[in-house]
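Every number here is computed from the coordinates shown, using simple stated rules; none is lab data. Predicted model only: the values in this text are computed from it and were never measured. FYI the Cβ positions are ideal-geometry reconstructions off the backbone, even for glycines, and counts take in every protein chain you see.
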Amino acid sequence: MHDGGTQPGLSVGDIAPDFSLPNQFGEPVSLSGLRGTAVVIMFYPFAFSGICTGELCELRDNIADFAAAGVRLLAVSVDTKYTLRAYARAEGYDFDLLADFWPHGEVAQKYGSFDPVRGMAGRSTFLISAEGRIVDMFTTPTGQARPLERYRKALERL
């Protein structure tokens, strides 16, 4: 895992790696299927953990910022879809929580956001244009929440 501002192997301007993962309802969500829509992919370590819940609740409470920018929010962790469904219900999340469960962390690995020692995704965020290119990306170290202002700054780049 990489705690700097850029991910190994990926740069702003690159085509974002495609993937298809089940959301909390078991429905497949693929990046290529969302072409024509800008997307924020935010990786987080685990459902129901303190910092992650704080981050996701802040995004839930400010989802209008993403909607106003025409951006779809995808939150990705290595949890199962069953855990994610319970998490979304408990916290009132109405955006997609994607299960990068099996192969374990495969999508997080593609994005350079997987910690193989701890078996979890890091706190990395990617803003993908409607054309599928990385417009912005940022990471915070484990144990440190991403500030909402950093998302707003990313959305301004569209």
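Report the antiparallel proportion of the DSSP beta bridges in the range 44-158 as a percent, rounded to a multiple of 5.
In the range 44-158, DSSP labels about 65 percent of beta bridges as antiparallel.
Multiplying the sequence separation of ARG60 and PHE48 by 0.36 nm and subtracting their Cα-Cα distance, what value in nm do you get?
2.9 nm
Set the Förster distance to 35 Å, then compute FRET efficiency between ALA86 and ASP115 from the Cβ-Cβ distance, nearest 0.05.
Result of the calculation: an efficiency of 0.90.
Relative contact order for the chain using alpha-carbon pairs under 8 Å, separation at least 6, rounded to a whole percent?
34
If I compute Cα extents along the principal axes in Å from the structure I just sent, which labelled value in (i) 34, 33, 29; (ii) 45, 36, 34; (iii) 39, 34, 27 lines up?
After the calculation, the listed value that fits is (i).
Using helices alone, I'd like the mean residue ellipticity at 222 nm for the chain: each DSSP H run of four-plus residues gives -39500 (n - 2.57), total over residue count, nearest 500.
Mean residue ellipticity at 222 nm (helix-derived): -7500 deg cm²/dmol.
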